[in-house]
Structure formats: C-alpha cells, structure tokens
Amino acid sequence: MAAAPIPKSTAMTADVPDDSDTDELDALLGASARYALGGVDGDAFIRWFAGVLPLLCPDFASRFRGSEDERRAAYSALGRLLWNRLPLPDNQFRPRPLPEPERNAPCPCGSGRKYKHCCAHVESLPDPFEGMSPKGRPEGEYRSAQREGKPVSLLLYVLGQYPRTQLRKLPLAGLDLEEIGHIGDQWRRAGRALDAEALLERVFEAPDRLDARAQFAFDVLADCYSDLNRPQKKARLIERVAQVRDPTLRSAALHRRITILADRGDRTEAWRLFAEAQRHEPDNPMLATLELTLLMNEKAYERMRERGRFWIGRLARDRKHDYTDLIGHISELIADPTATMLRYDGDARPGLTDLQRMLAALPPVECHYAVEGDDGVAALAPSPALDALAAHWRTLTQVGKPVLTMLDAGDPDAWARVAPGIPWLARNPLAWQSFDVLDDLALAVQDANLMAGAQTLLEPLLARAHALLRLVLERGGIGAGALPWNFVQNRPALRLVVSLYYLRREEQRTDEALALARWLVTGLNPDDNHGLRAELVRLYLERGDAGTALEVCERYPDDGLVGTLFDRPLALFLLARHAEAGAALRDAHAARPNVLPLLVADSPKEPRSDGPYLEIGGQEEAWRYRRDHRALWEGSGALPWARGIVAESRRAHRR
C-alpha cells in the first residue's frame, strides 16, 4: 500500500509500509470486504473503517501524526477511498462510489461539523488503493505483491468471504475473467486449491461461450487438477476446451496435450502436436516456452540454447507487443536451465532450495541397520538412535505416519508435509542414514511435479539410497539375499531402488537400469510386488536376448501382467519355437482381448484414461502395451504373425 505525506500536521513518517504494515493491511482489507458484504451503505462503511483501522492496524495507524480529529479525518478519507474501489456483489461486482461531499454539508465522518471545517483538509490525500488493478497478481498474496510494488486485486478479498458452495454458483456478470484466473492462481499457490477449483469450474461450465480472456483461468484450473490428483477431470477439461471456437483457448488446450505427452515420454507425438500448434498459431509467444520445455525434458541443452536465442530475437523484433518479461525468462532459462527451473519451483515450495543445498553436501553413507533373519530372507532393523530420529521425523511431517505407503500413490500434499522437516534435517545429519527419511523425501519430490526435480533433487536422493542399501547388505552378510516386501520395514529401501530403476530407464542409462531390475526381480524381492519382471523382460528383448527374457517369464508361469503375458509369445517367436509361440499368443489374446487389435492397428486413436488406477483388461492398459512394445514387434518381424492371430480370432468369433 503506497503511502504519501498527508497535508498540514497529519503525516506519514515513511513512503512505503514495512512488513508489519502489510500484514495489518491484509487483515484490514479482508475485514473491510466482510463488512461491506453485510449490506451497509458507504457512509456507514466509512464510519466503521475510521473506528476499526487503529484497532486492526496499530503499527500503520501510529505513522499518522496530528491531533485526534486530524487522525480521524485521515482514517475517514482512507475509508472513502477504499469504499469507492470495492467491487460489490449486488452491483455486478462494480464499485458504487460516493459523491464528493458538499463543503457546507455535514461531514460524513459523523463529527457533526461541516465538511469544510472537518475532513476537507485531507481531501488531497493520495489514493493508496489506486494501484489495485483489476488484473490482480499471478502469484503471492498482499505481502509479496506490495513488496514488489505490484497491484493487488480487491476482488480477491471480496471473493475470499464466499464459502466454497457459493463459489460454485457465483454470478459471473460483471467479472473480469483474467482477474478471476489470477485470484484462482493466488489461492492455488496459497494451498487453497479446492477453493480455486470451485471458482474456476464455475467459469468453465459453458466453455464454448468463452474467449481468450479465459486462457489464464484454464491454465490455473488444469494446474489445480494436477495438484489435487484429478487426472480424469483434467483430461475432460482439456478435451472440452480443445473443441471451443476461440483459437487462443484451443491453442492453450493443445499446449496442455503436448505437455502431458512429453511427461508420459511420448516425445514423438508431442513434437507432432507442437508442429500442429505452430501451424494454427505461428505468432503465439507461448510456443517459445513450450518448445524450450520440450527440449529441456529431453536434456537437449545445446538445441535449447539455439532455439532460445532464436525466440529472443523474434520476440524483440515485435514492435506491437512488449515481451520484456518473456525475453528475460528465456534468457535465464538458456543460461542455466536447472537453476532457473529450481528457482521457480522453490518460489512455491518452502524448503526446496534448502534441500538442494543439503543434498550437495551430504555426509558419507554409514551403516546404522542390522539385518535380521535367516535362510537368505531378512528384514532391516534400524539402530535405536536412527529409529528415534525417524519417529521424530514422522511427527514433524505427518503426525506419526509415513508420508506415503505405496509407490506412485500420488499425494498432492506430499511436499507440504515434508517441508517442516527440512530445517530439522540440517540439525540432525544422522537422519540422512535413514531409508524412511530418504523415502519420504523422494516421494515428495516425485509428487511435487517439479520442473527440475529429477536431475537436481531426486537423483542424489535415490543414488544415496542405493549406495546405503548396498553397504547395509554387505555389512549384514547377505549381499545377494532377499528383503521381501511383506516385511514392512523393508519397503522404504525397496521402493527407493525401484524408483532409481525408473529414473535410470528415463535417462536411457539402460545398462544400469537392467542391472537394477535384475537385482530386484531375481534377488532382493523375488515376489516382485512392483511388477518389474515385465520391465526386465522388455529390456532383454530390446537387447535381442530372447532366451534370458523367456527365462524371466518362466519364473512366473501363471503371470497376469500384460507385459510378460504378451512378451512371452514374442520371445518364443524369436527363438523359432513357433508352435509354442502361437499357443501362448492365443492364450494371451483370450485373457486380454483388447491388446492385440490395438497393437496391430496402423493409426489407432488413444483411448480415454481409466483414471488414477489402471483397469486390468481396459483400453488404457492395451494402449500402454502398444506404446511401449510395438517397436519390438515391428523390429522382430512378428507383427504380421500377430495380425494373423487377430484375423483368426475374428473368423472364429463370426462362426
């Protein structure tokens, strides 16, 4: 709230409020919106405001000088300025400003004197609410906006008084959709994703009526669905917006599809759609960040810098628009992609940069576990000191419970849960020897959807856990023994190694990925509760080692995993055991009839997602098998054979 000197003897002692002022004023604006929504008129609001300002904002009020009457006049003037800018729901969220008082009329402050003898002497008081733009702020609340000298939306405080049920029925007439989008974003970043979801879903009840002004609201609602782990809602939103008339909204939906494809690892399709987006809207500046993000995900940093310089030059030549902020963002990104992404991640996630600093200077791994058991089957038992630290960690992060208990369970609040424990880790270095702590941190990083998470944070966490487990097993004397999943105390360590496998696979470090999968499936956890046997079989087939792939399949003769179910007949085909291959493929087709038709189809449409959990025998399961394995069938020459099995099945069905 920018303050300026007040005429005569009443004055502010400084031009910019300090932190205590901004906290107080934030509370005052919320209380003012709440009082205004009670149906009072402007004069009543001004009298209330003048009385409540020194109570709610004592530090701010102490900066006014002069007599009691002069201070009351200044408070009344501030109340009038605020009332004249407050968006009122019963006026289609527009202000209902009061007329300037007549000089000989009674002063509206209620003193009983004429206006010219009372409050008129502060009529030149600068409007401290003038900078409160109807476009709001894209991040932070009042404090961060004021520190940066950026505008705040007063509508934020008005809508903040609405319960969630009313937000879902909010009348949209008179509301600026860009402002609504920024308010939703502020709420989402402040941990109020459910409120933001309710507000923005109201906007998108009839998306075909919307235009480009709703683009930011669309992006924020999609982010809310990600934060709240609602993939089906997100997919439906993107699908609906992709069909609207407005080209800007259609383009935003297309950009979201591209990002989702890239996150899934379907880079070929992501780039195909990117080319389509370029054809539709070649001048859309968001293509710049989209292309650079795709290149960064592929770790194509040189190409990313080259394209970044291209976009900087192109945007700088556009005289119709000011792209200074976007050019600055691109310049930072290509100078140091990882540091830039981590900084953006850290702005919304307290403790993130502190964790990065700690990971860069971790203590060496030490063994603080005993390995209990016999016959090569064991359970990990932490030392009393380490067990006590892990228990304290859990009380800090989730009231005595582990952050997550299942791989890929998808907890959108995971980072918020571990954040209070980050400063504690700096004071308790022994905790870095705990699989429980490492597991909680790794799961939080995975579920936080970080732009730079894998390279900067996840990699050192998982690599440390792998080294720690190797040391613990070596000291325990069972280097090649098993740590079964059904022993709960083994699960954090096993989960960390499985996560490291997927990271190595994503990084295309296939030798390391193969070694980890083989260790887990044939050694650490022979029951393979994570289904890595299908991954192991695929890795062997990709290397042309059909014999070893078949050996893994034979370890699980009644396996129901779609990967081993269909890769077993492929391995038999490659070994020229054609009769066995045909029988195995027919059995697999009978068990999962959706897979083969989708596998052999030339250009099938991707089916709608089954939701957060994969449906056994569903279309999405079949699509995933096609996506990950079709190249194997094509390269081996087995695809025509598979088509023959499909045709044979169809003929039998018609008979």
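Among the candidates Arg34, Arg103, single out the residue that is modelled with pLDDT of 90 or more and exposed (fewer than 14 other Cβ atoms within 10 Å of the Cβ). Among Arg34, Arg103, only Arg34 is modelled with pLDDT of 90 or more and exposed (fewer than 14 other Cβ atoms within 10 Å of the Cβ). Report yes if Leu29 is at pLDDT 85 or above and either surrounded by 17 or more Cβ atoms within 10 Å (Cβ to Cβ) or not polar (S, T, N, Q) (or both), otherwise no. Yes; evaluated as a whole, the condition is true for this residue. Checking each residue in the stretch 179-207 for being closer than 13 Å to Ala222 by Cα, of a type in the set (D, E, K, R) and open to solvent by 10 Å² or more (accessible area, probe 1.4 Å) picks out Arg188, Glu201.
The set of residues from the stretch 540-563 being among the acidic types (Asp, Glu), assigned to a loop (DSSP other than H, G, I, E, B) and farther than 24 Å from Glu621 by Cβ comprises just one member, Asp545. For the stretch 552-575, the criterion of being free of Cβ contacts under 8 Å to residues at least 40 places away in the same chain and among the β-branched types (Val, Ile, Thr) is met by at least one residue. Identify the residue in the stretch 508-537 that is surrounded by 22 or more Cβ atoms within 10 Å (Cβ to Cβ) and more than 31 Å from the chain's Cα centre (by Cα) and, among all such residues, is nearest to His466 (Cα to Cα). Per the criteria, the residue is Leu524. Could you list, in sequence order, all residues of the stretch 208-222 that are among the aromatic types (Phe, Trp, Tyr) and open to solvent by less than 30 Å² (accessible area, probe 1.4 Å)? Matches in the stretch 208-222: Phe218 only. Kindly list the number of the only condition in (1) under 24 Å from Asp90 (Cβ atoms); (2) modelled with pLDDT of 90 or more that fails for Ile238. Going through the list (1) under 24 Å from Asp90 (Cβ atoms); (2) modelled with pLDDT of 90 or more, Ile238 breaks only (1).
Among the residues of the stretch 483-507, not one is farther than 15 Å from Asp440 by Cβ, touching a Phe, Trp or Tyr at 6+ places or on another chain (Cβ under 8 Å) and open to solvent by 50 Å² or more (accessible area, probe 1.4 Å). Considered as a group, the residues in the stretch 223-268 that are of a type in the set (Ser, Thr, Tyr) and open to solvent by 20 Å² or more (accessible area, probe 1.4 Å) include one that is farthest from Ala196 (Cα to Cα), and that residue is Thr268. Within the option set Val472, Val445, Val521, being in contact with a Leu (Cβ under 6 Å, 6 or more places away or on another chain), over 23 Å from Thr564 (Cβ atoms) and among the β-branched types (Val, Ile, Thr) holds for one residue only, Val445. Just a yes or no: is a residue in the stretch 617-629 within 30 Å of Pro526 (Cβ to Cβ), part of a loop (DSSP other than H, G, I, E, B) and without any contact (Cβ under 8 Å) to a residue 12 or more places away in the chain? Within the stretch 617-629, not a single residue is within 30 Å of Pro526 (Cβ to Cβ), part of a loop (DSSP other than H, G, I, E, B) and without any contact (Cβ under 8 Å) to a residue 12 or more places away in the chain.
Looking only at residues in the stretch 106-125 that are assigned to a loop (DSSP other than H, G, I, E, B) and among the charged types (D, E, K, R), the one that is modelled with the highest pLDDT is Arg113. When the residues of the stretch 195-253 are narrowed to those that are of a type in the set (A, V, I, L, M) and outside any helix (DSSP H, G or I), which ends up farthest from Pro285 (Cα to Cα)? Here the residue is Leu228. Checking Leu599, Leu585 one by one, the residue that is touching a Pro at 6+ places or on another chain (Cβ under 7 Å), of a type outside the set (Asp, Glu), part of a helix (DSSP H, G or I) and at pLDDT below 95 is Leu585 and no other.
Within the stretch 157-178, the residues that satisfy the criterion of being part of a helix (DSSP H, G or I) and surrounded by fewer than 23 Cβ atoms within 10 Å (Cβ to Cβ) are Val158, Arg164, Thr165, Gln166, Leu167, Leu177, Glu178. Checking each residue in the stretch 476-505 for being more than 12 Å from Leu532 (Cβ to Cβ) and not in a helix (DSSP H, G or I) picks out Gly477, Ile478, Gly479, Ala480, Gly481, Ala482, Leu483, Pro484, Asn486, Phe487.
For the stretch 294-308, the candidate set comprises residues that are over 19 Å from Leu503 (Cβ atoms) and either among the hydrophobic types (A, V, I, L, M, F, W, C) or touching a residue at least 24 places away in the same chain (Cβ under 8 Å) (or both); within that set, the residue that is most open to solvent (accessible area, probe 1.4 Å) is Arg305. If you take the residues of the stretch 326-366 that are free of Cβ contacts under 8 Å to residues at least 24 places away in the same chain and farther than 29 Å from Trp424 by Cα, which of them is surrounded by the most Cβ atoms within 10 Å (Cβ to Cβ)? In this case the residue turns out to be Ile327. Within the set of pairs 6+ apart or on separate chains, which have a first residue in the stretch 584-603 that is without any contact (Cβ under 8 Å) to a residue 60 or more places away in the chain and over 11 Å from Gly617 (Cα atoms), a second that is part of a helix (DSSP H, G or I) and open to solvent by 70 Å² or more (accessible area, probe 1.4 Å), and C-beta atoms under 6 Å apart? Note: pairs meeting the criteria are Ala584/Arg568; Val600/Arg643. Every test in (1) more than 26 Å from Thr289 (Cα to Cα); (2) more than 21 Å from the chain's Cα centre (by Cα) is passed by Arg192 save one, and that test is (2).
The values are calculated or read from the model by the stated rules, or taken from the named source; none is laboratory data. Here the structure is a predicted model, which means the values were calculated and not measured. Neighbour counts run over all protein chains shown; Cβ positions are idealised from the backbone, glycine included. Accessible surface areas use protein heavy atoms only, side chains included; no ligands, DNA or RNA. Shrake-Rupley method; radii C 1.70, N 1.55, O 1.52, S 1.80 Å.
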